[in-house]
Amino acid sequence: GAGGVLEGLRPGTVVIDCSTAIPSSTVRMAQAVHAAGGRFLDTPMTRTPKEAAEGRLNLLVGGDAALLDECRPLLQCFAENITHAGPVGAGHSMKLLHNYVSLGTVALLSEAAACAARNGVAPAVFVDVLAKGGGGGTALERMKPFLLNHDSSGLRFSIANARKDLDYYNAMAGDAGAAQAIAAAVLATLDGALARTESGTLLPE
């Protein structure tokens, strides 16, 4: 709008979008920036608050490769791994794909852990068997402190943020006409969990 950021862009200004967004909106944003004489990269971040504090985030970059090379020294100030995912919007696409797989795995493990408890499987056995087989991986390692000792410090990501990212993923999948039955189920699970936490209802063990 009048007096807004786009109106004030100087020719050649680089806009670096580190948010998490639906790729179709990213493309529209980039087009508006280009029309105003600017340049655009989408560079969403992954990893945890610990790596953020250490300046070791992962960046998933969408946009012109030459522009990424130009901006790399700046991005390296707070990122350890920088991946060029493709054209504008590909960074945000890869972020949503990453978070869908990561958060979807956390949701699946959470449901399985609750079922294990109700069927007499000790948490230590549950974790050990999964870790030695197909259930092992980063999600399990981050959840392990909670599953074994009710220490939630290993996965500092709110249900509200997880629900938001799954909503974005489902929108992206819908825009692309991709299958999303599992993603829709994960979103519904997070919707229910968020409703219970907001109402003050304790989540079932």
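The values are calculated or read from the model by the stated rules, or taken from the named source; none is laboratory data. This one's a predicted model, so the numbers in the text were calculated from it and none came from an experiment. As a convention, Cβ positions derive from the backbone with ideal geometry for all residues, glycine included, and neighbour counts pool all protein chains shown. Protein only, heavy atoms only, side chains kept; ligands, DNA and RNA dropped before computing areas. Shrake-Rupley method; radii C 1.70, N 1.55, O 1.52, S 1.80 Å.
Annotations for the structure displayed:
- Scanning segment 1-18 for residues that are open to solvent by less than 50 Å² (accessible area, probe 1.4 Å) and over 16 Å from Leu67 (Cβ atoms) yields a single hit, Gly4.
- As for segment 58-65, it holds no residue that is open to solvent by less than 60 Å² (accessible area, probe 1.4 Å) and out of contact with any strand residue (DSSP E or B) (no Cβ under 7 Å at 6 or more places or on another chain).
- Residue within segment 127-137 that is touching an Asp or Glu at 6+ places or on another chain (Cβ under 9 Å) and assigned to a helix (DSSP H, G or I) present: yes
- Answer residue from segment 27-54, given it is open to solvent by less than 40 Å² (accessible area, probe 1.4 Å) and acidic (Asp, Glu) and is nearest to Val14 (Cα to Cα) among those: Asp42
- Just one of (1) within 23 Å of Glu198 (Cα to Cα); (2) open to solvent by 70 Å² or more (accessible area, probe 1.4 Å) fails for Arg118. It is (1).
- Residue satisfying condition, being under 22 Å from Leu96 (Cα atoms), without any contact (Cβ under 8 Å) to a residue 40 or more places away in the chain and surrounded by fewer than 14 Cβ atoms within 10 Å (Cβ to Cβ), within set Ala173, Ala188, Ala184, Ala139: Ala188
- The residues listed here are Ala183, Ala173, Ala160; of these, the one that is within 14 Å of the chain's Cα centre (by Cα), part of a helix (DSSP H, G or I), of a type in the set (Gly, Ala, Ser) and at pLDDT 95 or above is Ala183.
- Among residues of segment 97-115, those that are over 18 Å from Arg163 (Cα atoms) and open to solvent by less than 40 Å² (accessible area, probe 1.4 Å), counted: 3
- Some residue of segment 101-109 being of a type in the set (Ser, Thr, Tyr), free of Cβ contacts under 8 Å to residues at least 12 places away in the same chain and under 24 Å from Met45 (Cα atoms): no
- Among the residues making up segment 75-94, a single one is open to solvent by 80 Å² or more (accessible area, probe 1.4 Å), over 25 Å from Asp167 (Cα atoms) and either among the basic types (Lys, Arg) or touching a residue at least 24 places away in the same chain (Cβ under 8 Å) (or both): Glu80.
- Test for Lys144: is it under 16 Å from the mean Cα position of the chain (by Cα), open to solvent by less than 80 Å² (accessible area, probe 1.4 Å) and of a type in the set (Lys, Arg): no
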